[in-house]
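What follows is a short report on a single structure.
What follows draws every value from the coordinates through simple rules; no lab data is involved. Just so it is clear, the structure is predicted and the values come from calculations on it, not from any experiment. In this analysis, Cβ positions are derived from the backbone assuming ideal geometry, glycine residues included, and neighbour counts consider all displayed protein chains.
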Amino acid sequence: METGLRVLSYNVRYEGLDDGVRSWERRCDGVIGVCRLHRPDVMGFQECWLDQQATLEAGLPDYAFVGEETAGGDHTPIAYRRSRFECQEWAVFALSETPAELGSVGWDASYPRFATWARLTDRVTERTLLVANTHFDHEGPRARRESATLLRDRLPTAEADGLVVLGDFNCRPASDAYAALTAADPSPELSDARDAATTVHGPAETYVGFEEDTNRKRIDYVFVSSGVSARQFAVLADVNQNWRHPSDHLPVLADLSLPEA
């Protein structure tokens, strides 16, 4: 027997970057609508500043959110369905040489970067899932590579039945950072859910910009540990009522299976 799990990763774009038709006030209903329609069990958001998180929490009352609320900058909260999961523990660390110093900038990164993890217990099956959500730096190739190694080293996987890693990794599949994330050693071994899924749907790229952008690329992922199988994977190209994407990234969604005890 297996337990189904739907996860979603979504870079919602920092609200301070845009105004007019692209302002967060005009985009947030579209972001919330995508989440409501596709009904994931667990979500990870990137470029989610605190005011934006408050808007998402108000629009998604079925979900509890965990994440850092004091350090400045781009946050990486995790949201989980209250009716299904109980959060046993969660924490945040910096992607830097000093991970305990939230807000520290690592290696050749341009901004502070974070990783958030949460240990969730299914209220029915009592299976425990470790979920991580992160956003790697967009400019520093060394920072991305080192962040991949740090992420794998610091996640407390021993007490979980499965691991799911969500995020905007700002790297393509041919990059050193991607290779570090999916290396067979050290554990935990992580697989790209898109490659592992039996059904794949939607565009190949996840960063698409807004209407005029041509620099489209695949940089948002769902990674899973061994024992977690991927049944379906989709890049969601939903648009709002004005035929615009709610963010410059498309959300990625995966239907996974956890083995029963």
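Computed across the chain, the Kirkwood hydrodynamic radius from all distinct Cα-Cα pairs reaches 18.2 Å. The distance between label points at residue 101 and residue 57 comes to 2.9 nm (points 7 Å beyond Cα on the Cα→Cβ vector).
Report, in deg cm²/dmol and to the nearest 500, the calculated mean residue ellipticity at 222 nm for the chain, where each DSSP H run with n ≥ 4 adds -39500 (n - 2.57) and the sum is divided by the residue count. Calculated at 222 nm, the ellipticity per residue is -5500 deg cm²/dmol. Using the Karplus relation 6.51 cos²θ - 1.76 cosθ + 1.60 with θ = phi - 60°, the per-residue 3J(HN,Hα) values for segment 24-29 come to 4, 4, 8, 9, 5, 5 Hz, with x marking Gly and Pro.
Rounded to the nearest angstrom and listed largest first, the equivalent-ellipsoid semi-axes of segment 95-138 from its Cα gyration tensor are 30, 10, 6.
Does segment 182-261 come out rounded, prolate or oblate, given a ≥ b ≥ c as the square roots of the eigenvalues of its C-alpha gyration tensor, rounded meaning a/c under 1.5 and, failing that, prolate meaning a/b above b/c? Here segment 182-261 falls in the prolate category.
Between residue 179 and residue 125, the FRET efficiency from the beta-carbon distance, with R0 = 45 Å, is close to 0.85. Simple point charges give the picture: +1 on the Cβ of Lys and Arg, -1 on the Cβ of Asp and Glu, and for segment 207-251 a dipole about the Cα centre of about 260 debye. A dipole drawn for segment 2-259 from +1 and -1 charges on Cβ atoms has a positive end, and of 100, 64, 75 the residue lying farthest that way is 64. Quick one: Cα centre-to-centre distance for segment 204-251 and segment 115-133, in angstrom? That distance is 23 Å. A straight line joining the Cα centroids of segment 160-184 and segment 1-62 runs 22 Å.
Counting only Cβ charges, +1 for Lys and Arg and -1 for Asp and Glu, the dipole size of the chain around its Cα centre is about 560 debye. In the chain, the DSSP beta bridges split such that about 75 percent are antiparallel, to the nearest 5.
Each Lys or Arg adds one and each Asp or Glu takes one away; over the other residues whose Cβ falls under 13 Å from the Cβ of residue 183, this sums to -3. Summary: within the chain, the longest segment free of chymotrypsin sites (Phe, Trp or Tyr not before Pro) located in DSSP loops with at most 13 other C-beta atoms within 10 Å is 1-209.
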